[in-house]
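Enquirer: The structure under discussion is supplied below as structure tokens; questions concerning it will follow.
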Amino acid sequence: MPDPKLLYDAVVSGDAKSSLAITQQALADGVDPLQLVNDYMVPAMDEVGRRFEANEYFVPELLISARAMKAALEVIRPLLVARGDKPVGRVAIGTVKGDLHDIGKNLVASLLEGGGFEVIDLGVNVPPEKFIEVINTRQANIVAMSALLTTTMPAMRTTIEALKKAGVRDKVKVLIGGAPITQKYADEIGADGYSENAVGAVALAKRAVAA
Amino acid sequence: MNSRERVLAHIAGQPVDRLPLMPITMMLACQGIGARYRDYCTDYRVLVEGQIHVAETYGFDYVNTMSDPAREAADCGAAIEYFENQPVAILEDQALLTEKTTLATLKIPDPLGGGRMHNGIRAIGLFKERVGNEKMVEGWVEGPIAEASDLRGINTLMTDFFDDPVFVKDLFAFVVEMELRFAREQIQAGADMIGMGDAAASLVGPQIYEEFVWPYEKQLVDGIHAMGGRVRLHICGNTRRILKGMGSLGCEVVDLDSLAALSDARQQAAPGQILLGNMNPVTILRNGTPELVTQVAAECHRQAGSRFIVGAGCEVPRDTPPENLRALCEYARHHAP
Ligand code: B12
């Protein structure tokens with residue numbers, strides 16, 4: 001019987017096959033699914049984030065770790081849903097209108113999933129109406145926007161304005177990120193939070209739903 | 001000494017009257033002649049007009065054919081999208097090599113076949129005719145990892161390094177062959193120098209760079225040299241961990257983005273390597289003041305030493321205040337290497 005601790009190593013090293021196998025075995029052995037997430041997967045992704053910040057990991061390593069985490073989540077999520085565990089929150093995430101950069105956004109989406117959120121990924125080049133639609137139809141309570149271009153940053157402000165106009169601004173917390181974004185900018189446009197990296201994004205989202 | 005003579009002499013290690021000046025402009029050059037960016041990308045006459053105008057207005061020592069990363073991918077048959085006033089974009093969710101097996105049947109497009117590459121080659125011909133004796137004429141090719149990302153989808157390629165290294169190497173080999181054909185026609189049309197943009201290289205660490213990227217960049221650089229061309233390498237983003245490799249490809253010019261330090265590049269690059277760059281195009285050049293730009297340009301020069309060409313870390317944003325860009329140009333005008 002594989003030690004569930006090995007799940008941590010499988011995620012950190014980006015080994016999706018082992019990650020899935022260990023998870024399946026652990027579940028068969030009666031380990032609590034939420035415990036697998038909280039005790040092994042979340043700490044593993046924290047470690048991956050730390051290595052990225054320290055220039056030990058780069059984008060390819062981040063992406064395979066995220067994939068290993070997702071492989072485990074695929075079998076864990078249905079169990080959580082079946083027993084009635086509610087997701088921590090429901091996030092509508094997307095790269096803003098005019099912007100096609102999605103590597104950072106994808107990582108944030110994966111980590112949020114790992115952190116227990118239900119993630120509705122709207123992709124790239126997302127117009128404000130799309131966010132509004134998802135708030136209304138799928139009860140998203142967090143809107144997460146990514147922008148990598150200084151020319152598309154203003155679309156974050158426009159989206160927030162559009163949320164206000166549509167009368168849904170109070171239903172959601174708005175989180176923003178991407179290389180050119182700063183806390184100062186987040187404050188200026190009235191976003192609820194900013195984080196410079198994906199690990200921080202999860203902490204931010206957790207604080208946002210707790211508030 | 002005119003612009004072209006200045007750059008050539010500097011590259012050859014001969015004395016020059018002042019620092020050469022070669023910042024990247026695309027959208028700004030287009031805006032300068034009041035054209036749509038879509039036309040700048042698709043009509044070589046608009047691009048040439050815009051480049052000559054910006055080079056003459058600011059006294060740049062060169063003109064360049066770069067407009068967007070999608071010339072080669074478009075000719076290969078990749079799905080791309082045109083925007084009124086944005087660069088042409090490749091549709092990653094419909095990437096040409098979504099199925100890896102497609103690579104086996106993919107044909108290298110004829111650079112003179114009337115497509116987007118041909119348009120770039122025509123730009124060089126027109127540059128040569130209009131300003132070929134005074135300005136450096138710089139063509140452009142995508143580097144191996146940049147073009148492989150365009151064909152395969154960048155998110156997918158990043159995991160291919162682990163999942164299927166053989167495929168990655170086959171893909172890079174295909175790309176190098178295609179880019180060499182494209183480069184050859186550009187040189188034949190009169191390009192003095194070929195810019196090689198390999199942006200996605202900044203996303204990988206030193207191991208993947210050394211195993212997968214560097215050897216193919218090297219083939220491309222050596223191939224261009226064998227055709228009598230010169231190479232300007234440009235990698236957007238944080239290249240701190242791959243500077244040594246970048247500085248040992250034998251490129252005439254290594255053009256650095258603002259996220260890596262020129263002082264580090266100077267330490268790690270081969271002796272005498274010309275460095276170009278690298279102030280932050282947004283926070284310094286666009287958002288700063290002329291005084292700040294001058295100060296940062298001096299700092300770049302100090303870090304790079306005499307083997308230096310003035311420019312920004314990446315494309316000069318289109319809404320950069322003219323007085324800021326002028327300050328950058330004045331720095332070159334008033335300083336010897
Ligand atoms: C890869 C890349 C591309 C690829 C994108 C492919 C893709 N599928 O994403 C392609 C080739 C398509 C591309 C195109 C362009 N690009 Co580009 N690109 C890059 C590059 C090299 C890397 C970006 C990246 O993925 N970083 C890695 C990820 C992990 O980092 P990240 O996105 O910042 O995300 C992290 C955090 O910011 C945060 N985060 C991100 N989103 C969110 C959201 C929330 C809610 C939170 C809390 C946190 C958060 O968490 C992430 C993980 O830690 C950068 C240079 C660089 N190294 O930064 C240029 C760069 C972003 N591009 C740039 C430019 C100019 C362009 C083009 C206009 C170029 C052109 N002329 O054609 C086009 C524009 C296309 C468009 N309309 O969007 C400029 C932007 C300049 C500026 N400030 O405006 C950059 C900075 C390069 C440069 N130095 O000039 N690009």
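The values are calculated or read from the model by the stated rules, or taken from the named source; none is laboratory data. Here the structure is a predicted model, which means the values were calculated and not measured. Don't worry about glycine lacking a Cβ; one is built from the backbone with ideal geometry, like all the others, and counts go over all protein chains shown.
Enquirer: Considering the range B:74-116 alone, what residues qualify as being in contact (Cβ under 8 Å) with a residue 12 or more places away in the chain and closer than 22 Å to B:VAL166 by Cβ?
Expert: Across the range B:74-116, the qualifying residues are B:CYS76, B:ALA95, B:LEU96, B:LEU97, B:THR98, B:LYS100, B:LEU103, B:LEU106, B:ILE108.
Enquirer: Here's a follow-up. Go through the residues of the range A:55-63 one by one and say whether even a single one is more than 24 Å from A:ILE142 (Cβ to Cβ), without any contact (Cβ under 8 Å) to a residue 24 or more places away in the chain and either of a type in the set (D, E, K, R) or away from chain B (no Cβ under 14 Å) (or both).
Expert: If we filter the range A:55-63 for residues that are more than 24 Å from A:ILE142 (Cβ to Cβ), which is where we start, we get A:55-61.
Narrowing further to those that are without any contact (Cβ under 8 Å) to a residue 24 or more places away in the chain: A:55-58, A:60.
Still in the running and either of a type in the set (D, E, K, R) or away from chain B (no Cβ under 14 Å) (or both): A:56.
The answer is yes, given that some residue of the range A:55-63 is more than 24 Å from A:ILE142 (Cβ to Cβ), without any contact (Cβ under 8 Å) to a residue 24 or more places away in the chain and either of a type in the set (D, E, K, R) or away from chain B (no Cβ under 14 Å) (or both).
Enquirer: Going by what's in this entry, would B:ILE224 be described as surrounded by fewer than 22 Cβ atoms within 10 Å (Cβ to Cβ), touching a strand residue (DSSP E or B) at 6+ places or on another chain (Cβ under 8 Å) and in contact (Cβ under 8 Å) with a residue 12 or more places away in the chain? Working first, answer last.
Expert: Working: surrounded by fewer than 22 Cβ atoms within 10 Å (Cβ to Cβ): no; touching a strand residue (DSSP E or B) at 6+ places or on another chain (Cβ under 8 Å): yes; in contact (Cβ under 8 Å) with a residue 12 or more places away in the chain: yes.
No: the conditions fail for B:ILE224.
Enquirer: Tell me, which residue of the range B:305-332 that is within 16 Å of the ligand (Cβ to nearest atom) and part of a strand (DSSP E or B) is farthest from B:ASP61 (Cα to Cα)?
Expert: B:ALA312
Enquirer: Give just the number: which of (1) under 19 Å from the mean Cα position of the chain (by Cα); (2) within 14 Å of A:VAL91 (Cα to Cα); (3) among the polar types (S, T, N, Q) does A:THR137 not satisfy?
Expert: So A:THR137 meets the others, but not (1).
Enquirer: Which residues, counting only those in the range B:162-198, are within 12 Å of another protein chain (Cβ to nearest Cβ) and surrounded by 21 or more Cβ atoms within 10 Å (Cβ to Cβ)? First the steps, then the outcome.
Expert: Just the residues of the range B:162-198 that are within 12 Å of another protein chain (Cβ to nearest Cβ), to begin with: B:162-163, B:165, B:168.
Hit for the range B:162-198 is B:VAL168, nothing else.
Enquirer: Now, a different point. Could you list all residues from the range A:181-200 that are part of a helix (DSSP H, G or I) and near the ligand (Cβ under 10 Å from one of its atoms)?
Expert: Filtering the range A:181-200 down to residues part of a helix (DSSP H, G or I) leaves A:183-189, A:198-200.
Once the filter is applied, which keeps residues that are part of a helix (DSSP H, G or I) and near the ligand (Cβ under 10 Å from one of its atoms), the range A:181-200 yields A:ALA186, A:ALA198, A:VAL199, A:GLY200.
Enquirer: Residue check: is A:GLU196 of a type outside the set (Gly, Ala, Ser) and away from chain B (no Cβ under 14 Å)?
Expert: No.
Enquirer: Only residues that are within 14 Å of chain A (Cβ to nearest Cβ), farther than 17 Å from B:HIS335 by Cβ and modelled with pLDDT of 95 or more: list them for the range B:287-312, please.
Expert: Here is the first cut: in the range B:287-312, the ones within 14 Å of chain A (Cβ to nearest Cβ) are B:287-288, B:312.
Remaining after also requiring farther than 17 Å from B:HIS335 by Cβ: B:287-288.
If the condition is that a residue be within 14 Å of chain A (Cβ to nearest Cβ), farther than 17 Å from B:HIS335 by Cβ and modelled with pLDDT of 95 or more, then B:GLY288 is the only one that fits.
Enquirer: Across the range B:44-102, which residue is farthest from the other protein chains (Cβ to nearest Cβ) among those that are among the aromatic types (Phe, Trp, Tyr) and within 14 Å of the ligand (Cβ to nearest atom)? First the steps, then the outcome.
Expert: Quick first cut of the range B:44-102, residues among the aromatic types (Phe, Trp, Tyr) only: B:44, B:58, B:60, B:62, B:82-83.
Remaining after also requiring within 14 Å of the ligand (Cβ to nearest atom): B:82-83.
Values: B:TYR82: 13, B:PHE83: 8 Å.
Checked the range B:44-102; the qualifying residue farthest from the other protein chains (Cβ to nearest Cβ) is B:TYR82.
Enquirer: Further question on the same structure: Can you name the number of the only condition in (1) within 12 Å of chain B (Cβ to nearest Cβ); (2) in a helix (DSSP H, G or I); (3) among the polar types (S, T, N, Q) that A:ASN136 fails?
Expert: Checking A:ASN136 against (1) within 12 Å of chain B (Cβ to nearest Cβ); (2) in a helix (DSSP H, G or I); (3) among the polar types (S, T, N, Q), the one that fails is (1).
Enquirer: In the range B:227-239, what residues are more than 16 Å from the ligand (Cβ to nearest atom) and either within 16 Å of the chain's Cα centre (by Cα) or buried (at least 21 other Cβ atoms within 10 Å of the Cβ) (or both)?
Expert: Residues of the range B:227-239 more than 16 Å from the ligand (Cβ to nearest atom): B:227-231.
Scanning the range B:227-239 gives B:GLY229, B:ARG230, B:VAL231.
Enquirer: Can you tell me how many residues in the range A:152-180 are among the hydrophobic types (A, V, I, L, M, F, W, C) and in a helix (DSSP H, G or I)? Give the derivation first.
Expert: Applying the first criterion (among the hydrophobic types (A, V, I, L, M, F, W, C)) to the range A:152-180 yields A:153, A:155-156, A:160, A:162-163, A:166, A:168, A:172, A:174-176, A:179.
Of the ones still in play, those that are also in a helix (DSSP H, G or I) are A:155-156, A:160, A:162-163.
So the answer is 5.
Enquirer: Answer with yes or no whether B:PRO271 is surrounded by fewer than 18 Cβ atoms within 10 Å (Cβ to Cβ) and in a helix (DSSP H, G or I).
Expert: Numbers: surrounded by fewer than 18 Cβ atoms within 10 Å (Cβ to Cβ): yes; in a helix (DSSP H, G or I): no.
So B:PRO271 does not fit the description; no.
Enquirer: Right, next: Give A:LEU73, A:LEU34, A:LEU63 a once-over and let me know the one that is over 19 Å from A:ASP15 (Cβ atoms), of a type outside the set (Phe, Trp, Tyr) and not assigned by TED's automatic domain parsing to the domain that holds A:ILE160. Can you show your working first?
Expert: Values: A:LEU73 fails: over 19 Å from A:ASP15 (Cβ atoms); A:LEU63 fails: over 19 Å from A:ASP15 (Cβ atoms).
A:LEU34 is the lone residue from the list that is over 19 Å from A:ASP15 (Cβ atoms), of a type outside the set (Phe, Trp, Tyr) and not assigned by TED's automatic domain parsing to the domain that holds A:ILE160.
Enquirer: Would a scan of the range A:112-122 turn up a residue that is over 17 Å from the mean Cα position of the chain (by Cα), more than 30 Å from B:GLU315 (Cβ to Cβ) and either assigned by TED's automatic domain parsing to the domain that holds A:LEU20 or more than 12 Å from the ligand (Cβ to nearest atom) (or both)?
Expert: Filtering the range A:112-122 for residues over 17 Å from the mean Cα position of the chain (by Cα) gives none.
Within the range A:112-122, none of the residues are over 17 Å from the mean Cα position of the chain (by Cα), more than 30 Å from B:GLU315 (Cβ to Cβ) and either assigned by TED's automatic domain parsing to the domain that holds A:LEU20 or more than 12 Å from the ligand (Cβ to nearest atom) (or both).
Enquirer: Quick one: is A:ILE76 under 24 Å from A:PRO33 (Cα atoms), away from chain B (no Cβ under 12 Å) and either more than 16 Å from the chain's Cα centre (by Cα) or acidic (Asp, Glu) (or both)?
Expert: Values: under 24 Å from A:PRO33 (Cα atoms): yes; away from chain B (no Cβ under 12 Å): yes; either more than 16 Å from the chain's Cα centre (by Cα) or acidic (Asp, Glu) (or both): yes.
Spelling it out, A:ILE76 is indeed under 24 Å from A:PRO33 (Cα atoms), away from chain B (no Cβ under 12 Å) and either more than 16 Å from the chain's Cα centre (by Cα) or acidic (Asp, Glu) (or both).
Enquirer: Now for a separate question. Can you tell me which residue among A:MET145, A:MET45 is within 16 Å of the ligand (Cβ to nearest atom), over 14 Å from A:VAL172 (Cβ atoms), under 13 Å from the mean Cα position of the chain (by Cα) and of a type outside the set (Asp, Glu)?
Expert: Details: A:MET145 fails: over 14 Å from A:VAL172 (Cβ atoms).
Within the list A:MET145, A:MET45, the selection yields A:MET45.
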